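Chemist: Here you go, one structure.
Bear in mind that the values in this text are calculations on the coordinates, not laboratory data. Computed from a predicted structure; not experimentally measured. Don't worry about glycine lacking a Cβ; one is built from the backbone with ideal geometry, like all the others, and counts go over all protein chains shown.
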Amino acid sequence: MAQDIRKMLKEHRAGGPKLSEGHEARFEDKLKTLEIKRSNPSFFWLKIAAVGILLLSLGYFGMQQLAKNETPEMQVADTNDVKETPQFTLGDISPDLKKVEDFYLTGINVQLASLQITEENKDLMDGYMSRMDELNKEYASLNNEMNNVGPSEATVTALIDNLKLRLELLFKLKNKLKELKNIENEEFTSIQS
C-alpha cells in the first residue's frame, strides 16, 4: 500500500473534498442542541454552589490563620480614674491652641494604635503604659486647675508640655521596641550560623 507522495500531491485538488448537501445545516443543529444542554439551569446553580463552597472554605481557613497569629491584648492605661468634667479646654482659649492640642492628641493616638504587644515586649510596654497613665492623670488635673483657677500661661504651657512629653514617650517606646527586635534578630542569626 505504499503510495508515492509526489504523485498524490500532483493529483490533489485545491477545492478539497466536497461535503454532502445539508451537512452544514445538520452540523449547526447539533451545535444548537449541545448549547441547549450546556445552558441547563441546574448546571448554572451548581457553578454558583461551587463558588460559594470555595469562598466559605477560604474564609474558614483564613480565620484559622488569623486566630493563630493573634497577639495578646494590649492593656491601655485607664484614663477614667480621674473624674474630669472639662468645661474649659485649650481650644476655648485660642483656635491656635486647639490646633496644637489636636496635633499632639492625634499623634499620640496614632502611635498608640501602631504598637503591637507580644510576650517578649509585654514588660517593657507595661512600664511605658503606667507612665502614660500617670501623664494622663496629670493632664486631667492640669485641665481641672485651668477650669478652677482660670487659664494662665503656666497652665497652658504645662498642658502642652504634657502632651509633648506623652508623644516623646511613645517615640522612645517605639525605638526601644525596634532595638529589642534588632537584638532578637541578631541572636536568631547568630544561632543559625
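Chemist: Could you list, in their original order, any pairs among LYS122/LYS172; LYS137/LYS164; LYS68/LYS122; LYS68/LYS172; LYS137/LYS174; LYS137/LYS181 whose Cα atoms are separated by more than 25 Å?
Modeler: Violating the 25 Å limit, Cα to Cα: LYS68/LYS172; LYS137/LYS181.
Chemist: Could you tell me the relative contact order of region 90-192? Use alpha-carbon pairs under 8 Å, at least six residues apart, and round to a whole percent.
Modeler: On the way: 48 pairs, mean separation 36.4, N = 103.
Averaging sequence separation for qualifying contacts and normalising by length gives 35 percent for region 90-192.
Chemist: How do the peptides 138-147, 3-12, 106-115 rank, highest first, by the average count of neighbouring beta carbon atoms within 10 Å per residue?
Modeler: Answer by packing, highest mean first, reads 138-147, 106-115, 3-12.
Chemist: Near LYS18, which lysines are there with a Cα under 26 Å away, not counting those fewer than 8 places off in the same chain?
Modeler: LYS7, LYS10, LYS30, LYS32
Chemist: Ok, one more. Show me, for region 117-128, the HN-Hα J-couplings you get by feeding each phi into the Karplus relation (A = 6.51, B = -1.76, C = 1.60, θ = phi - 60°), rounded to Hz, glycine and proline as x.
Modeler: 8, 10, 5, 6, 10, 4, 5, 4, 5, 4, x, 5
Chemist: Further question: When the dipole is taken about the Cα centre of region 90-192, and only Lys, Arg (+1) and Asp, Glu (-1) are charged at their Cβ, what size is it in debye, to the nearest 20? Before the final figure, lay out the partial values.
Modeler: Values: 12 positive and 19 negative charges, 41 e Å.
The dipole magnitude comes to about 200 debye.
Chemist: What order do you get for VAL100, VAL149 when you list them from fewest to most C-beta neighbours inside 10 Å?
Modeler: VAL149, VAL100
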